[in-house]
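Have a look at the structure below, then the notes.
The values are calculated or read from the model by the stated rules, or taken from the named source; none is laboratory data. Just so it is clear, the model here is predicted, and its values are computed rather than measured. Positions of Cβ are backbone-derived with ideal geometry, glycine not excepted, and every protein chain shown enters the neighbour counts.
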Amino acid sequence: THPELLDWLAREFVRTGWDVKAFVRLLVTSRTYRQDSVVSPALLERDPENRLLARGPRLRLDAEVLRDQALAIGGLLNPRARAELDAANRRDQAELRREHAGRRAIAKLLPIGEARARAFPTDWTSYAPPRPAFLGVRAIPEIPLSDLAEIVDWSPLFHAWEIRGRYPKL
């Protein structure tokens with residue numbers, strides 16, 4: 001319906017060296033693509049089928065569909081790649097299930113009702129936290145970071161990151 005537009009798009013695609021990513025970027029950043037779907041009665045009467053591309057589509061693509069289209073354009077959505085990705089994902093998920101199942105077996109878990117019944121009783125209504133001895137910002141004299149690195153115990157961070165061992169003997 002728009003031969004001049006199609007010709008211009010084709011020339012632009014060739015000019016950019018058949019760069020699909022640049023071409024898609026050109027399309028999705030255009031005013032036509034980004035415009036609102038709201039239509040005035042006068043415009044609806046003049047162009048009911050939107051042949052002039054004066055408004056955006058009434059329905060937009062879901063994020064998943066848009067992602068799949070981008071993958072298809074990039075040549076990443078093909079049956080072989082999908083099968084390889086699916087197999088790798090299933091292996092990874094099975095490994096994670098085995099790893100976490102072992103952790104669960106070690107911990108003795110209580111039923112939720114019993115855990116709530118055993119909860120530590122707290123009464124925060126009468127608690128008044130102690131006032132700090134110093135309020136504000138305190139300047140620390142120049143200390144080389146290398147000196148600080150020697151006295152900081154990084155083990156809790158490594159433990160949180162599931163890196164076994166004690167710093168610096170990792």
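List of remarks:
- Taken over region 1-60, the criterion of being closer than 30 Å to Gly75 by Cα and of a type in the set (Asp, Glu) is satisfied by Glu4, Asp7, Glu12, Asp19.
- Boolean, Ala10 is among the small types (Gly, Ala, Ser) and touching a residue at least 40 places away in the same chain (Cβ under 8 Å): no
- Summed over region 7-58, residues that are outside any helix (DSSP H, G or I) and in contact with a Ser or Thr (Cβ under 8 Å, 6 or more places away or on another chain) total 6.
- Within region 78-124, the set of residues being loosely packed, with under 10 Cβ neighbours inside 10 Å and in a loop (DSSP other than H, G, I, E, B) comprises Ala107, Lys108, Leu109, Pro111, Arg118, Ala119, Phe120, Pro121, Thr122, Asp123.
- Looking only at region 48-65, and only at residues there that are closer than 15 Å to Asp36 by Cα and among the small types (Gly, Ala, Ser), the one that is surrounded by the fewest Cβ atoms within 10 Å (Cβ to Cβ): Ala54
- Only residues that are exposed (fewer than 11 other Cβ atoms within 10 Å of the Cβ) and touching a Lys or Arg at 6+ places or on another chain (Cβ under 7 Å) were counted across region 1-37, and they come to 2.
- In a residue-by-residue description of region 45-64, the property of being farther than 30 Å from Glu162 by Cα, of a type in the set (S, T, N, Q) and more than 27 Å from the chain's Cα centre (by Cα) applies to at least one position.
- As for region 81-94, it holds no residue that is among the aliphatic types (A, V, I, L, M), farther than 30 Å from Glu162 by Cα and either touching a Leu at 6+ places or on another chain (Cβ under 6 Å) or at pLDDT 85 or above (or both).
- Of the residues making up region 136-155, one or more are in a helix (DSSP H, G or I) and either among the hydroxyl-bearing types (Ser, Thr, Tyr) or under 30 Å from Val20 (Cα atoms) (or both).
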